[in-house]
Amino acid sequence: MLVQVNGRYLVQRVTGVQRYAREIVARLGDRVSVIAPRSAAKGMRGHLWEQAVLPCRLRRGLLWSPSATGPLAVRSQVVTIHDCAFFDRPEGFTQTFAAWYRCLVPRLARQARRILTVSEFSRQRICEVCRVPAERVVVIPNGVESGWTRATSEQIAAARERLNLPRPFVLCAGSLEPRKNLRRLLAAWRALGPAKEGLELVLAGAEGHVFQRAGLGDLPGDVRLVGYVSDADLRALFSAAEAFVFPSLYEGFGLPVLEALACGTPVVCSRGTSLPEVAGDAAVYVDPENVESIAAGIAQLLENRALRDDLSRRGPARATPFTWDAAAAQTWEALRTAL
């Protein structure tokens, strides 16, 4: 059984989609063969490689494209489509990116042997947007690695020193793009008043080349932007935070929420799209379109120690079934069946 993997993700910065591909492929091991560009291939160069060069390098068998795009010339293919944000929230991307995905992804979905996705919410949107029957779309949730648990006090202290974060803080982590709703989060933070006394809001993440700029403007003195951080530092930030807030407008899965839960961090997140599938009863939910709702959710956690302790206990238990090992096993079964 020959399964080849579209390895374009290997030359891209690691965010949620790339992490998914790396974690699954690592666990599939020598059962798959990864074909990647020989040099960095961002933007249109990457798409040209994918459409013109990759098909020429394939042998007979099955191609798995784990990052939403793949070569239209290859019929024997399984594609993972993480969400339909390119269709539902196109204003969050550059016009070129959104237009290309709106053209490519539905065509690719209709001709692929099988489609993998990461939530029931995304399956519903894929079926509607791409006009494919539900039985061709397989839901395999994302996971966390077994070692992604609460960091030690030494690891937390080292990360605080590296990032210059001596004060207690509330954390938000993710790409700096309009879909993450950071402008409303900042407005909610300003509205908190005494509830945030002595705390900072820490934003961890960076802008991506396919996203529109988040347009945050000048940040208040109690808001810190630490940029893109390593996995080790990110786990330490989750573990150190008083709470994790994620008021995203649209998520196909919401990996940062799962990572926060696994660390036992109390979570405030949006009640829409896929996030309730991930957080279950282990989060405080808010209306991401409403600044007052976001502020009230954060204040509820900060002012209620018993609630924070309860969510800290619930989080790891909620995260336990979501593992990369399980996701890899289900992915292999889907690929085997497709071939």
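The values are calculated or read from the model by the stated rules, or taken from the named source; none is laboratory data. These figures come from a predicted structure and were not determined experimentally. Glycine also receives a Cβ, built like all others from the backbone with ideal geometry; neighbour counts cover every protein chain displayed. In case anyone asks, the SASA skips ligands and DNA or RNA and just uses the protein heavy atoms, side chains included. Shrake-Rupley method; radii C 1.70, N 1.55, O 1.52, S 1.80 Å.
Structural remarks
- Neighbourhood net charge (14 Å Cβ-Cβ; Lys/Arg +1, Asp/Glu -1) for Asp233: 0
- Equivalent ellipsoid semi-axes - Cα gyration tensor, the chain, angstrom: 35, 20, 19
- Taking the Cα centre of segment 132-281 as reference, the dipole from Cβ charges on Lys and Arg (+1) and Asp and Glu (-1) amounts to some 380 debye.
- Using alpha-carbon coordinates, inclination of helix 120-130 to the longest axis of the chain, degrees: 50 degrees
- Peptide packing: for 266-272, 31-37, 232-238, the average count of neighbouring Cβ atoms within 10 Å per residue gives the ranking 266-272, 232-238, 31-37, highest mean first.
- Cα-based helix-to-principal-axis angle, 16-28 vs the chain, degrees rounded to 10: 60 degrees
- Base-10 log of normalised Debye intensity for segment 51-102 (one unit scatterer per alpha-carbon) at q = 0.14, 0.18, 0.26 Å⁻¹: -0.44, -0.66, -0.99
- Most to least packed among 113-119, 46-52 [average Cβ atoms within 10 Å]: 113-119, 46-52
- Hydrodynamic radius (Kirkwood) for segment 37-133, which is based on Cα pairs only, to one decimal in Å: 13.9 Å
- Prolate/oblate/rounded label for segment 255-339 (Cα gyration tensor, a/c 1.5): oblate
- Positive-end extreme of charge dipole, segment 1-73 - chosen from Val11, His47, Ser67 (charges on Cβ): Val11
- Taking all protein chains into account, the per residue accessible area for segment 219-339 stands at 36 Å² (1.4 Å probe).
- 1.4 Å probe accessible area per residue over segment 84-154, in Å²: 47 Å²
- Mean Cα-pair separation over length for segment 220-276, i.e. relative contact order, pairs under 8 Å, 6 or more apart, %: 36 percent
- Label positions at Ala195 and Arg336, each projected 7 Å from the Cα along the C-beta direction, are separated by 5.0 nm.
- Positive-pole candidate from Trp189, Ala338, Gln300, dipole of the chain, charges at beta carbon: Ala338
- Gyration tensor verdict on segment 1-56 (Cα atoms; rounded if a/c is under 1.5, prolate if a/b is larger than b/c, oblate otherwise): oblate
- Only Lys, Arg, Asp and Glu carry charge here, each on its Cβ (+1 for the first two, -1 for the last two); on that basis the chain has a dipole of about 1540 debye about its Cα centre.
- Mean separation of Cα contacts under 8 Å (6+ apart) over length of the chain, as relative contact order %: 17 percent
- Rounded tilt (10° steps) of 231-240 against the dominant C-alpha axis of the chain: 30 degrees
- Accessible surface of segment 101-225, 1.4 Å probe: 48 percent of it comes from carbon and sulfur atoms.
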